[in-house]
Amino acid sequence: MAVPRFNHRRSRRRASFGILLIVLYTAALGTRTCAAELEPSLRGYGEDFSQQYTALTKKILLSGIELERFSLNYRMESARQPRFRKLRYFLAQEAGASCGLAFEITGIDQFGTGRRHPLQINQRALRNSLKAAMTGSIIAGSGSCLELAFNALQAVKNKRHGFDSASANRYVVSKLKQIDELLAQRDALVAAHTDHPAYERAVLEGKILKEMRGAFVNEYAHFNANSRSYLAFQNLFFLLNAGFNAVGATAAGLAARALTHPNLNGPANILFIVSGGLASIAPWLSTAAKVLMRKHATAVLTRQLNEKPEFNLTEFAALRKILEEHLPGAEGSLIPSLRATQRLALYTESNDLFRKQLDSETKTMRHLEKIALETSFLGPAIGGALMTQGILGTVGFYKYRVRIRKQLNLFFYGSTTGCVGTSMAVVGNAAWFLASLSYEHHLSKQKRLPAQLIKERLEHIDELERTVRAL
């Protein structure tokens with residue numbers, strides 16, 4: 001019986017093959033361990049450069065879209081006005097101006113009679129007209145207080161939903177920190193593959209992403225400063241309006257009592273001077289508060305970001321055109337995110353035109369929403385007329401105490417001046433209100449109201465997000 005021959009060479013081959021398998025298995029385990037020890041944000045991207053690159057770029061684009069969506073919603077919510085504010089405030093101010101005009105007309109009639117025949121003045125008519133002026137001032141001042149209360153309520157709602165300035169700034173800062181970390185990881189990944197065929201495209205896309213990041217921050221900073229400055233302007237004007245109407249109501253009440261207590265004529269006219277002076281400077285003080293708040297809001301955000309929210313549109317447009325030239329060569333390339341980046345870049349470039357249009361329509365609407373006393377040119381004129389009336393009345397009372405005809409003559413001229421001022425207020429209120437309604441209707445038909453423009457941008461952002469998520 002033949003004994004099987006032992007093949008030493010074959011045995012050594014099998015042993016070598018077994019050792020090779022063990023080495024490969026050990027290496028695989030080592031690779032898994034190393035992958036597990038990688039930066040947590042890079043786990044799961046796979047070992048292929050294209051997969052890692054696309055995943056990081058996708059995250060950056062989605063974070064930018066989230067920031068842009070938040071910025072638009074913040075602009076819409078922070079600028080939201082209470083329902084029926086325009087009509088409600090117009091009626092309150094028109095009531096105050098009309099009651100004041102009724103007093104001035106009565107004053108012209110009675111003081112005109114009195115400067116010729118002092119004993120023929122109808123004190124009852126004067127008293128009723130002064131009470132009407134006092135009631136009108138109370139209504140107008142109460143209207144401003146009501147709008148201040150609505151603004152406070154809106155501020156509470158915005159804070160609850162994270163749309164107050166402090167909460168919004170914190171969100172933007174945290175989102176930018178996340179984007180910056182992703183950009184740094186992406187740059188490191190690209191730098192580690194300088195020999196990759198798509199390296200130049202990847203570097204260009206990185207520049208575009210950084211510019212878009214700057215554009216989104218700049219847009220938010222602009223919206224934030226715009227909203228906060230207008231709110232400061234509005235609140236201070238409401239406060240000053242309530243103040244000079246309160247002083248005016250007090251003055252009218254004292255003047256009514258002065259018909260039976262003549263010594264009160266002096267204090268009443270002094271209060272008319274104060275009321276007219278407040279009405280004159282209210283628009284200027286409110287505008288100054290607006291400018292200061294804009295600077296303050298920008299400074300606060302700059303400090304929190306540790307950078308100025310600046311954006312160079314010309315440089316960005318040049319980079320986007322270069323990116324567009326690389327698109328034909330990106331078909332089937334290892335960086336499929338290029339087309340999504342280009343679409344978002346086009347959106348970002350159009351932001352400048354969108355913002356200019358939004359600012360233009362908002363500025364015009366806000367200008368037309370202002371009542372006559374609030375305008376920079378009509379307010380001082382109206383307040384100046386009322387202040388002049390108070391000065392003439394004060395001079396007449398203190399200088400011509402015993403010369404009644406002379407005193408009443410100055411009262412007559414004062415009422416004439418006051419009639420011009422209150423007439424301007426009545427007509428101005430109505431003209432501004434009707435012009436505002438007409439302009440809003442015009443914008444609404446063309447879908448150019450600020451809310452409509454923002455809604456359209458939000459829909460565009462939703463479409464872009466679907467494109468990016470499909471990567």
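All of the numbers you see were taken from the coordinates with simple rules; none came from a lab. Everything numeric here is computed off the predicted structure, so don't read it as measured data. Here Cβ is always computed from backbone atoms with ideal geometry, including for glycine, and neighbour counts include all displayed protein chains.
Overview of results
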| quantity | calculated |
| --- | --- |
| Answer label for Cα extents along the principal axes in Å (calculated), chosen among [x] 68, 51, 40; [y] 77, 57, 50; [z] 159, 37, 33 | [z] |
| Nearest 10 degrees, 0 to 90: helix 338-369 Cα axis against the chain principal axis | 10 degrees |
| Charge sum, other residues only, whose C-beta stays under 11 Å from F163's C-beta, Lys/Arg counted +1 and Asp/Glu -1 | +3 |
| Helix 123-160 vs. the chain, principal-axis angle (Cα, 0 to 90°, nearest 10) | 10 degrees |
| Residues of type lysines that K58 reaches as a straight line, Cα spacing below 27 Å, ignoring anything fewer than 8 places off in the same chain | K175, K177, K207, K210, K308, K321, K455 |
| Folded to 0 to 90 degrees: helix 8-36 orientation relative to the chain principal axis, Cα | 10 degrees |
| Fewest-first sequence of C145, C99, C419 by Cβ atoms within 10 Å of each Cβ | C145, C419, C99 |
| Selection of chymotrypsin sites (Phe, Trp or Tyr not before Pro), the range 114-194, meeting DSSP coil and at most 11 other Cβ within 10 Å | none |
| Likely footprinting exposure, S227, S174, S142, S165, fewest C-beta neighbours within 10 Å first | S174, S142, S165, S227 |
| Computed over the chain: relative contact order in percent, which uses C-alpha pairs under 8 Å that are six or more apart | 24 percent |
| Residue exposure sequence - D164, D48, D359 - by fewest surrounding Cβ within 10 Å | D48, D359, D164 |
| Alpha-carbon centroids, the range 390-431 and the range 137-157: separation in whole Å | 31 Å |
